[in-house]
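Working notes for the structure below.
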Amino acid sequence: MDDDRKALPASETDAEAHEGGPDPRSWGGEEAAAESPELPELPELPEAPTAPEASLEELEPVQAGALAASGAAEAAVAAADPSEPVEAAAPPSPGMPAPTPEFRAEPLPAESQPDSLPEGPEADFGPGEPGDLEEDGPQGVAEASAAGQAAEDHLEELILEPVADRAATTGEEALTWDGRTYRVRQALPRGWYRAEDEGGQTVLLREGPAALPADLPGHRLLPRPLYLGSEGSVYPWTEGEPWLPQEALSLEAAVERLKPLAQYAFALERQGYALLDLDPEGILTGESGPRLRFPPRVVRLGEERPRVYREGYTAPEASYGGPATGREGSYLLGALLYRLLTGEALPAEGPSPLRLRALGLPGLPQLMRAALAPDAERLTPTAFLAALRALVPQAQPRFAVGAATTVGLNPDRPVNEDAFGYSLRHLEAHEGSRLLLRACVADGMGGMAAGEVAARAAVEAFIGGAVPAPGDAGVQAEWAVDLVWQANRRVLEALAGEDGGCAFSGVVLVGSRVALAHVGDTRVYLRAAGGLRQLSRDHSLVAAMVASGMLTEEEAESSPDRNKILRSLGSVRQPQPDYVQGLSATQDEPTLELQPGEALVLLSDGVWGEVKPARLEQILAEHQQDPQAAADALVRAALEAGAPDNATAVIVQRER
């Protein structure tokens, strides 16, 4: 308390003397005042001498201890208001000595302590170095102090003193593990040491149990252990630039920086683990992306989590026991995102809504609220990653499509039995932006009664087929094949038992990702910087003979059997495995990414059969900025070569 007390005014002093009621001079007006006898004036008391001020350091130990205890009692009384949060005692500043034992507040007797008073676990962090709260730490770290106002109104305050790791290893000590000698050079937080091995290589060392579960799969973010044994763990010393920026980042930069960590938390959840804690100061960046110098704190989902606390980063429930849910990692990611966007650590009470709104970033306040919510209401790591990606909408690619067709110059072919189609669909919704493009070419089988009917029915079915829910590359490839089987069913219905059918090639683009579905001898090429590459395989007799070595490529071009195909839509009634070809037949992946400037070229045999590959490549190069001009030029080249068959070209080019 402040010793400079002031005497109360006379009116207040007199009022206090009338405990049975109000001061009579305060009501009744002048008459009441006149009826009251006048009180004699009190003599003025001499002013007490003022003692010189002295700092806490200048007082005797007993006086210093008494003042410190008085300050603690006042803090306890001030904290008695249940509406105000009770803060734990702040750790001593670095370099300041810890309180000596004789001045510590003694714990309350066991009989006076309430049953609900918890025993304080050892806090595994030093001054300015937050860390873990170990369940098996020494007891008695928490000391309670009581300020009693009445028997029924007493107050206990639990003070957790910060305690640093008390490892037995000291600087310059040599450790020999499994025949390897390590010399300790520097003590680091949470029981880690910087050391050197026998060859002078700097390593990261920790005594005791392994830092990570033995069955945890490796990850590019994690350091690879050099040694794991009963004595401890040894990891390489990771170098790099600090991951935490000096200044606040833009939303785009912050999302890109956090995304690898969010993907790691997502991967852990898929593998059955929860991310509890990692050291933000130990995240480093390099050419291959972010790396962790210290292994993170990870526990299997559903298992009892160790008590972990890192101010401004770890989830509140991580400071206590209980089964791991995986949502602890979402809180950690939300805190890291706040740090990247504001340049400040997350406040203990959470981010200010006004501060988040002032950033002017749509979607950020909603994400932060969901990421930092209580555990039961918080986002999972999977949902956090999806929401993080949605914060920065990806610019959708832009495409240009050109197409041309001709009946040709053969008087025996009065009808164009080729057909083509394409459709572009752009959907913008809360879940994100989605661009879907489909394009196809169908070549009705010549000589049959209704080749043109079959080609038209196939194109309509492929372009108008139902759109499934978004999926990965495998789902997209399966959907493209399923669209072709829908087209086959529509061809059979359209022909109504008559002879007919068609060759068919179609592509499905979700964004810039391409899937292929192909049957027969129509073709799909990829025009890229390296030239022209055929993506489809011909299902024809001459193609099979070339593959078996019976014909050369040159002989196949003039073979009388080159128009005989082995597969077509309308020739089978039930889906058959591998009947429809996808990209997996010509490459390792089921899809490919179409880069800006590249194009997909879909052709009927009336074009590729009459225009030589070198000429095809030349025409496409001459008109690479205009896909419609390129399609017109390809059909014109087929006519110049005689055009004995119908000729069709469709070009899908990505502009950005």
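Computed from the coordinates by the stated procedures, all read-outs in this text should not be read as laboratory data. In this text, all values refer to a predicted model and were calculated from it rather than measured experimentally. We place every Cβ from the backbone using ideal geometry, glycine too, and count neighbours over all the protein chains shown.
The string of couplings for segment 335-349 from the Karplus curve (6.51, -1.76, 1.60, θ = phi - 60°) is 5, 5, 4, 4, 5, 5, 7, 10, x, 10, 6, 5, x, 4, 7 Hz, one whole number per residue in order, with x for Gly and Pro. Summing charges over neighbours of residue 397, with a neighbour being any other residue whose Cβ is under 14 Å away from its Cβ, gives +3 when K and R count +1 and D and E count -1.
Around residue 200, with a cut-off of 12 angstrom between Cβ atoms, what is the net charge of the other residues, counting Lys and Arg +1 and Asp and Glu -1?
Result for the local shell: -1.
Legend: translational diffusion of segment 174-236 by Stokes-Einstein, Rh = Kirkwood radius over C-alpha pairs, 37 °C, 0.692 mPa s; D = 272 µm²/s. Backbone geometry of segment 528-537 corresponds, through the Karplus equation with coefficients 6.51, -1.76 and 1.60 at θ = phi - 60°, to 3J(HN,Hα) couplings of 9, 4, x, x, 9, 10, 7, 8, 9, 10 Hz, x marking Gly and Pro.
Ranking 571, 559, 539 by how far each Cα lies toward the positive end of the dipole of segment 538-581 (charges on Cβ) leaves 571 at the top.
Segment residue 412..residue 202, full-extension length gain: 67.4 nm, with 0.36 nm per residue of separation and the alpha-carbon distance subtracted.
Taking a Cβ cut-off of under 13 Å around residue 239, the surrounding Lys, Arg, Asp and Glu residues balance to a net charge of +1, with basic ones at +1 and acidic ones at -1.
Size estimate for segment 399-654 follows the Kirkwood approach: the inverse of mean 1/r over distinct Cα pairs works out to 18.3 Å. Taking 19 Å as the cut-off, the amide N atoms of segment 368-409 that come nearer than this to a point 7 Å along the Cα-to-beta-carbon line of residue 528 belong to 397-400. Across all directions, the average projected area of the convex hull around the alpha carbons of segment 313-402 is 7.6 nm². Taken along the Cα-to-beta-carbon direction at a fixed 7 Å, the label points for residue 311 and residue 375 span 2.4 nm. Extension gain, residue 469 to residue 386, is 28.3 nm, computed as 0.36 nm per intervening residue step minus the present C-alpha separation.
On full extension, the segment bounded by residue 555 and residue 344 gains 68.7 nm, given 0.36 nm per residue less the C-alpha separation.
Remark on residue 273: its backbone amide H falls under 5 Å from those of 301, a criterion applied only to residues 5 or more positions apart or on other chains, H modelled at 1.01 Å from N. Note on residue 287 and residue 214: their simple-model spin labels are 3.7 nm apart, each label 7 Å out from Cα toward Cβ. If R0 equals 25 Å, the separation of the Cβ atoms of residue 621 and residue 548 corresponds to a calculated FRET efficiency of about 0.15. Going from the fewest other Cβ atoms within 10 Å to the most, the residues 426, 219 appear in the order 426, 219.
Taking the Kirkwood radius as Rh and the Cα radius of gyration as Rg, segment 241-391 has a ratio of Rg/Rh equal to 0.93.
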